[in-house]
Amino acid sequence: MSFAPKPRKKPPVTPGELLLHEFLEPMNLTQMQFAAAIGVSRAYVSDIVNGRRGISVEMALRFEAALSMSAEFWIRAQAATDLYKAQHDARVKTLTQKIPRLLAA
């Protein structure tokens, strides 16, 4: 029995995509307006929306306060994105293939 999940073939929706398409656009909010509401720069929000920056725990709490979606929701979305990237990163694959299996599958 193997506990290791198989890597996803299709990338998950990023927190930035969720923010833009499920919240900002339907609410007719600009990135600048949202950034001002949560106390960060427009560039910071833009980096999240465009996938150049991830969601930290502090940012997840700010999103929760503003959007009424739990911090856990945002952290899970970020974790799924991070895991996908790592599972498809050639350097990580090379490193993990060198690690001996200590527990039989």
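Filtered by the rule that a residue be within 30 Å of Thr30 (Cβ to Cβ) and either part of a loop (DSSP other than H, G, I, E, B) or modelled with pLDDT under 60 (or both), the range 1-17 gives Lys10, Pro11, Pro12, Val13, Thr14. Among the residues making up the range 48-75, those that are surrounded by 15 or more Cβ atoms within 10 Å (Cβ to Cβ), charged (D, E, K, R) and outside any loop (DSSP other than H, G, I, E, B) are Arg62, Glu64.
Within the bounds of the range 30-47, is there any residue that is outside any loop (DSSP other than H, G, I, E, B), closer than 16 Å to Thr81 by Cα and at pLDDT 95 or above? Scanning the range 30-47, I find at least one residue that is outside any loop (DSSP other than H, G, I, E, B), closer than 16 Å to Thr81 by Cα and at pLDDT 95 or above, so the answer is yes. Considering the conditions (1) on the phi < 0 side of the Ramachandran plot; (2) more than 13 Å from the chain's Cα centre (by Cα); (3) of a type in the set (Ser, Thr, Tyr), Ser68 is excluded by exactly one of them, (1). Among the residues of this structure, Ala90 does not count as one that is surrounded by 13 or more Cβ atoms within 10 Å (Cβ to Cβ), free of Cβ contacts under 8 Å to residues at least 40 places away in the same chain and aliphatic (A, V, I, L, M). What are the pairs with Cβ atoms under 6 angstrom where one residue, in the range 8-29, is farther than 14 Å from Ile55 by Cα and the other, located anywhere, is among the charged types (D, E, K, R)? Sequence gap at least six, or different chains. Qualifying pairs under 6 Å: none.
The values are calculated or read from the model by the stated rules, or taken from the named source; none is laboratory data. It should be emphasised that the depicted structure is a prediction, and the values quoted were computed from it without experimental measurement. Counting neighbours? That spans all protein chains shown, and the Cβs are built from the backbone with ideal geometry, glycine included.
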